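**Q** What follows is a structure written as structure tokens; I'll ask about it next.
Read-outs: derived from the displayed coordinates by stated rules, not from any lab. Predicted model, so just to flag it, every value in this text is computed and none were measured. Glycine also receives a Cβ, built like all others from the backbone with ideal geometry; neighbour counts cover every protein chain displayed.
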Amino acid sequence: MSNFNNLEKKDNMFSVNIEDININGEGVCFFDDKKICVDDVLKNEIALVQKQLEKNSFVQARLVDITKPSAMRIVPPCPYYGACGGCNLQILGYNDSLAIKKEIIKKYFSSFYGGKINFFESKNNWNYRNKISFCVDKYKIGLLERNSNKIVEIKNCMIVDKNINNLISTLENFLKQYNQDGNIKNIVVRTLFGQMLIVFVVKKFFKEKLLLSLELFKNFAEKHNLKIGLYQNLASQKKEILSDNWKHIWGLEKIKTKIFDVEFYLHPHSFFQVNFDVMCQLYRNVSNIISGEDVIEGYSGIGLLSAILSKSARNMSCVEINKNAVLDAKDLLKRNNINNVQVFCGDCKNVLPELIKKHLKSTFLIDPPRSGCDKETLQSLIDNKIKKIVYVSCSPYTLKQNIGFLSDFYKVKSFDIFDMFPQTYHVECVCVLKLR
């Protein structure tokens, strides 16, 4: 193979043999003592790539062509694949994608766990997402281009609920009439069991009479037999799309439904897993793991998981920092006559260590954001010799970091993967650790 530096004269293009796939779903290989990472490739493929970014011994490259494709490679069914940044695994059939995800996770955690890994599949690997955040540029609606802030205009997204896809043309008509000034930045849509909430994320609030006079959404709701509600949200000044500044405009205020005989409400701001079927599998799994135990739960959100687990746990103490989520959780517990769960409002790193000291025999359950669990809480688990930890994670990267912090004192006893996000490399993990 030619020397890397000499090939810089040819538009920075060079041929590589993909040796592995990393935890981010990138193909990895080594070339002239440099680590090359590139998207949209599979193990053992030979690819022509173009250097985009070089830093020390690391090179980020872009795929130009597949010289020798894998036998597993298929043509992505979505016309936007490769441009839109939403999916990165449509080059594989579903069964092959599951096998690769399992292999990646097994290798990534091999230094901490060598036992059997259970993989829970998604019943639907298309049209499973019950929520999406569309980007808006005046009359254009779509999703962000991969590694860019440019919008890829779409007419249909193959991984979102069909009711959301049916809504796109109505949203386009709305934007053409009412977004000449570019006031709308995003449109967030959530749907579940015949109910839908639509949020216009705006730079300044619309006059309510404008939205109230619209027939577009009423006609859409009638045509598709849906109950829908419209909200406005004043655009956040942070990285997050949504702020805490809301206005309900018309129709449904919240989605009402039931899971495992627990009745609950979803507001537009409520956290809820995007894949309902896999969420149910995950919650059932965690319920079995903590059956008959006292539980301390961190990052408990709107309290849905807490309410479900209350049926199998003895007692639960739950911590959540968001005041609105705490109010939702307390309302949910009261409405369902659940008396063995206490909810505390506060920062987990401040509240959890105190709870751990008071409940030394409890199982510790945590489902943190992608940033993982704070070190103050992890150290408190070590100091108080909590016997069992159940860690639910949406980020294998931070999960591995946290396991590494605990590894001198805790051993991984079981590891389960849930395919919460088909057509992508992302997975949800449930890891059980026990005191050595």
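**Q** Take every Cα pair under 8 Å in segment 1-160 that's 6+ residues apart, average their separations, divide by the length, and report that relative contact order as a whole percent.
**A** For segment 1-160, the relative contact order is 15 percent.
**Q** Oh, and also: Which value in nm describes the separation of the simple spin-label points at Leu63 and Ser110, placed 7 Å from the Cα toward the beta carbon?
**A** 2.4
**Q** Starting with the highest mean, order 39-46, 380-387, 196-203 by the number of other Cβ atoms within 10 Å, averaged over the residues of each peptide.
**A** 196-203, 39-46, 380-387
**Q** Within the set of other residues whose C-beta is less than 14 Å from the C-beta of Ala47, count the net charge using Lys and Arg as +1 and Asp and Glu as -1.
**A** Computed value for this residue: -2.
**Q** Straight-line reach from Lys334: which aspartates and glutamates have Cα under 19 Å away, leaving out those fewer than 8 places along the same chain?
**A** Asp261, Glu263, Glu297, Glu320
**Q** If I take every Cα pair under 8 Å that is 6 or more residues apart in the chain, average their sequence separation and divide by the length, what percent do I get for the relative contact order?
**A** Relative contact order, the chain: 12 percent.
**Q** Build a GNM of the chain with springs between Cα atoms under 10 Å: which of Ile289, Ile159, Ile184 gets the top mean-square fluctuation?
**A** Maximum among the listed residues: Ile289.
**Q** Normalised by the number of residues in segment 131-259, what is the relative contact order in percent for Cα pairs under 8 Å and 6+ residues apart?
**A** Relative contact order, segment 131-259: 21 percent.
**Q** Give the residue from Asn127, Ala99, Gly251 lying farthest towards the positive end of the charge dipole for the chain; charges sit on Cβ (+1 for Lys and Arg, -1 for Asp and Glu) and the dipole is referred to the Cα centre.
**A** Result: Gly251, furthest along the dipole toward the positive end.
**Q** With the cut-off at 23 Å, tell me which of the pairs Lys176/Lys218; Lys106/Lys349; Lys162/Lys311; Lys102/Lys387 have Cα atoms farther apart than that.
**A** Lys106/Lys349; Lys162/Lys311; Lys102/Lys387
**Q** Just to be sure I understand the curve: with the Debye formula and one point per C-alpha of segment 131-259, what is log10 I(q)/I(0) at q = 0.11, 0.16 Å⁻¹?
**A** -0.36, -0.79
**Q** Report the full-extension gain for the segment Arg284 to Lys239: residue separation times 0.36 nm, less the Cα-Cα distance, to one decimal in nm.
**A** Between Arg284 and Lys239, full extension yields 12.9 nm more.
**Q** In addition: Toward the positive end of the charge dipole of the chain, about the Cα centre and with charges on Cβ (Lys, Arg +1; Asp, Glu -1), which of Gln273, Asn24, Ser300 goes farthest?
**A** Of the candidates, Ser300 comes out farthest on the positive side.
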